[in-house]
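One structure below.
The values are calculated or read from the model by the stated rules, or taken from the named source; none is laboratory data. Since we're looking at a predicted model, the values are computed, not measured. Ideal geometry is used to build each Cβ from the backbone, glycine not excepted, and the neighbour counts take in all protein chains shown.
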Amino acid sequence: MLTIHTGTNHDAVAVEGDRIAAVAAVDVLRADYPGARVREWPGELRTGTGWETALPEAPSPRERVHCLLLRGVTAVAPGPLGDDPGLAPAAARVGLPVGTPTPLTAGARADFAVFAPDGSCLATVLAGRLVHRRK
């Protein structure tokens, strides 16, 4: 199902499967995809952040990776995943790619985040899947 994600900055992405179908103003995407589900986020939708240092401490590799999703991280450098043999598999299971964040362009993998005015992450999307949403 095609979903349009939009934030308070009026930027929007149309996501189909794990890819970005289009990037435009929300009104344009609503007109182009009239049957799409629309998720309106109360923050700025943009490319997620990258992570290059050691992952935050937590009781398990899964929870350490989850700490990144809570921060809007959509890509992690390979080095930080090497300090615990469970980190790379945990990152792969959730779909967190190794490398740099993907820009919001049509055809790119649908990785992005939504940030509140205070800089906190409201939502993280990886490969079109909502993997973190602040309650």
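Among the residues examined, residue 55 qualifies as in contact (Cβ under 8 Å) with a residue 24 or more places away in the chain and either surrounded by fewer than 19 Cβ atoms within 10 Å (Cβ to Cβ) or assigned to a loop (DSSP other than H, G, I, E, B) (or both). Among the residues of the range 37-61, just one is out of contact with any strand residue (DSSP E or B) (no Cβ under 8 Å at 6 or more places or on another chain), closer than 20 Å to residue 101 by Cα and of a type in the set (Gly, Ala, Ser), namely 54. In the range 16-36, of all residues being without any contact (Cβ under 8 Å) to a residue 40 or more places away in the chain and among the β-branched types (Val, Ile, Thr), the one that is surrounded by the fewest Cβ atoms within 10 Å (Cβ to Cβ) corresponds to 28. Scoring residue 74 on the criteria (1) touching a Lys or Arg at 6+ places or on another chain (Cβ under 8 Å); (2) polar (S, T, N, Q); (3) not in a loop (DSSP other than H, G, I, E, B) leaves a single failure, condition (1). Scanning the range 120-135 for residues that are part of a loop (DSSP other than H, G, I, E, B) and modelled with pLDDT of 95 or more yields 120, 127, 128. The set of residues in the range 9-42 being over 17 Å from residue 125 (Cα atoms) and of a type outside the set (A, V, I, L, M) consists of 9, 10, 27, 30, 32, 33, 34, 35.
Only one residue in 39, 93, 64 is out of contact with any helix residue (DSSP H, G or I) (no Cβ under 9 Å at 6 or more places or on another chain) and either free of Cβ contacts under 8 Å to residues at least 40 places away in the same chain or assigned to a strand (DSSP E or B) (or both). Which one? Selected residue: 39, the only one of 39, 93, 64 that is out of contact with any helix residue (DSSP H, G or I) (no Cβ under 9 Å at 6 or more places or on another chain) and either free of Cβ contacts under 8 Å to residues at least 40 places away in the same chain or assigned to a strand (DSSP E or B) (or both). Scanning the range 99-115 for residues that are β-branched (Val, Ile, Thr), surrounded by fewer than 16 Cβ atoms within 10 Å (Cβ to Cβ) and in contact with a strand residue (DSSP E or B) (Cβ under 6 Å, 6 or more places away or on another chain) returns a single hit, 100. Among the criteria (1) over 17 Å from residue 9 (Cβ atoms); (2) in contact with a His (Cβ under 7 Å, 6 or more places away or on another chain), the one residue 100 does not fulfil is (2). Considering the range 96-135, and only residues there that are out of contact with any Lys or Arg (no Cβ under 9 Å at 6 or more places or on another chain) and either free of Cβ contacts under 8 Å to residues at least 12 places away in the same chain or of a type in the set (Ser, Thr, Tyr) (or both), the residue that is nearest to residue 73 (Cα to Cα) turns out to be 100. Scan the range 40-52 for residues that are closer than 30 Å to residue 30 by Cβ and either surrounded by fewer than 21 Cβ atoms within 10 Å (Cβ to Cβ) or more than 12 Å from the chain's Cα centre (by Cα) (or both) and report the count. Residues flagged as closer than 30 Å to residue 30 by Cβ and either surrounded by fewer than 21 Cβ atoms within 10 Å (Cβ to Cβ) or more than 12 Å from the chain's Cα centre (by Cα) (or both) within the range 40-52 amount to 8.
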